[in-house]
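The values are calculated or read from the model by the stated rules, or taken from the named source; none is laboratory data. If you're wondering where the values come from, they're calculated on a predicted model, not measured in any experiment. Cβ sites come from the backbone with ideal geometry, for glycine too, and all protein chains shown count toward neighbours.
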Amino acid sequence: MEAILAEAAAMPWRRRAGERSLTREGRIWTLWSVGIVVTFGLPAALLIWMEPLALPVSAIFLGHGIAVLHLQARRGARGVKPIETATDPAERTALGLLGDLVGHDARQLLTETGLALQRGRLGAWLVGQEGAILVRPGGHRVHCFCVRVGEGGDLPPGDRVAHLLLALREDEEGFATVANRNFSGATWRLRWELAKPARAALRAGRRLAESGGWPSPANPPVSRRRLPRSRPSPR
């Protein structure tokens, strides 16, 4: 019997995430994006057809639609929050322990990008301090989740990521159920909004999602002291 995350069990009103729900919600996000393009693009094209001299006005109108699409992806990119350079002994110790947790191949990526890479049944995960990116199999679509460690304000950044990573390994579908999704779309849309180091992590996650990657390290016993609780997505 698979372990079930306590926070997921405490939220029975949420439908448990899985392959079908992620696929369905991805299609909904795609329809929403298409709707934005049509809403702003069709009137702009109609205005140019009626009056070619109105091209500047049409461009401004279309620009608003493009800006909305960028804001969607930017919200997902900002929710992850990679680990920054460790500045004190506690942070360096936590980062070292996290490096042991993720394994050799992902340790270098963690050092360079501040994101922990983990292969799962649903795809390749990139875990940060307050969120995670899920690169779906094939590498063409991503889901961004916003989640944080309960009572983790005083924890070093490495410990926050470690707690989220352990919760993800314990119950991947429960983790995706508890977390709030704040973006789903094409991988290239998210890449534009990420900082340069995080883009490298996204490339690694995409390669892992495309190829199947290396075997996951053996899952250690999971601490039940602090597990993630959902944080409302930024509006």
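Take the residues in region 157-199 that are among the hydrophobic types (A, V, I, L, M, F, W, C) and in a strand (DSSP E or B); name whichever of them is surrounded by the fewest Cβ atoms within 10 Å (Cβ to Cβ).
Taking region 157-199 first, the residues among the hydrophobic types (A, V, I, L, M, F, W, C) are 161-162, 164-168, 175-176, 178-179, 183, 186, 188, 190, 192, 194-195, 198.
When the remaining residues are screened for being in a strand (DSSP E or B), the result is 183, 186.
Working: Phe183: 24, Ala186: 15.
Here the residue is Ala186.
Being of a type outside the set (D, E, K, R) and either more than 11 Å from Pro156 (Cα to Cα) or at pLDDT 75 or above (or both) is the filter here; which residues of region 93-110 pass it? Full working, then the answer.
Looking only at region 93-110, we keep the residues that are of a type outside the set (D, E, K, R), and these are 93-99, 101-104, 106, 108-110.
Answer for region 93-110, where residues must be of a type outside the set (D, E, K, R) and either more than 11 Å from Pro156 (Cα to Cα) or at pLDDT 75 or above (or both): Gly96, Leu97, Leu98, Gly99, Leu101, Val102, Gly103, His104, Ala106, Gln108, Leu109, Leu110.
Does any residue of region 22-38 turn out to be closer than 23 Å to Leu208 by Cβ, modelled with pLDDT under 85 and in contact with a strand residue (DSSP E or B) (Cβ under 9 Å, 6 or more places away or on another chain)? No, that holds for no residue. Taking every residue in region 189-207 that is without any contact (Cβ under 8 Å) to a residue 40 or more places away in the chain and closer than 13 Å to Gly76 by Cα and pairing it with any residue that is surrounded by 22 or more Cβ atoms within 10 Å (Cβ to Cβ) and of a type outside the set (Val, Ile, Thr), at least 6 positions away or on another chain, the pairs with Cβ-Cβ distances below 6 Å are Arg191/Leu202. Every condition in (1) at pLDDT below 90; (2) surrounded by fewer than 24 Cβ atoms within 10 Å (Cβ to Cβ) is met by Arg121 except one, and the failing one is (1).
Yes/no matrix, rows are residues, columns are (1) part of a helix (DSSP H, G or I); (2) in contact (Cβ under 8 Å) with a residue 24 or more places away in the chain; (3) exposed (fewer than 11 other Cβ atoms within 10 Å of the Cβ):
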site: Trp13; (1), (2), (3): no, no, yes
site: Arg16; (1), (2), (3): no, yes, no
site: Thr23; (1), (2), (3): yes, no, no
site: Trp29; (1), (2), (3): yes, yes, no
site: Val38; (1), (2), (3): yes, no, no
site: Trp49; (1), (2), (3): yes, no, yes
site: Pro56; (1), (2), (3): yes, no, yes
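Within region 17-26, being of a type outside the set (A, V, I, L, M, F, W, C) and out of contact with any Asp or Glu (no Cβ under 6 Å at 6 or more places or on another chain) holds for Glu19, Arg20, Ser21, Thr23, Arg24, Glu25, Gly26.
Give region 152-171 a look and list any residue that's touching a Gly at 6+ places or on another chain (Cβ under 9 Å), at pLDDT 80 or above and not β-branched (Val, Ile, Thr), or say none.
The first filter runs over region 152-171 and keeps only residues touching a Gly at 6+ places or on another chain (Cβ under 9 Å), leaving 157-161, 163-164, 167-169.
If we keep only those that are at pLDDT 80 or above as well, we get 158-161, 163-164, 167-169.
Answer for region 152-171, where residues must be touching a Gly at 6+ places or on another chain (Cβ under 9 Å), at pLDDT 80 or above and not β-branched (Val, Ile, Thr): Gly158, Asp159, Arg160, His163, Leu164, Ala167, Leu168, Arg169.
What about Arg141, is it among the basic types (Lys, Arg), touching a residue at least 12 places away in the same chain (Cβ under 8 Å) and surrounded by fewer than 24 Cβ atoms within 10 Å (Cβ to Cβ)? For Arg141, the condition - among the basic types (Lys, Arg), touching a residue at least 12 places away in the same chain (Cβ under 8 Å) and surrounded by fewer than 24 Cβ atoms within 10 Å (Cβ to Cβ) - is met.
In the condition set (1) assigned to a helix (DSSP H, G or I); (2) at pLDDT 90 or above, Val142 is compliant with all but (1). Does Gly76 satisfy the criteria of being touching a Cys at 6+ places or on another chain (Cβ under 6 Å), touching a residue at least 60 places away in the same chain (Cβ under 8 Å) and part of a helix (DSSP H, G or I)? Yes.
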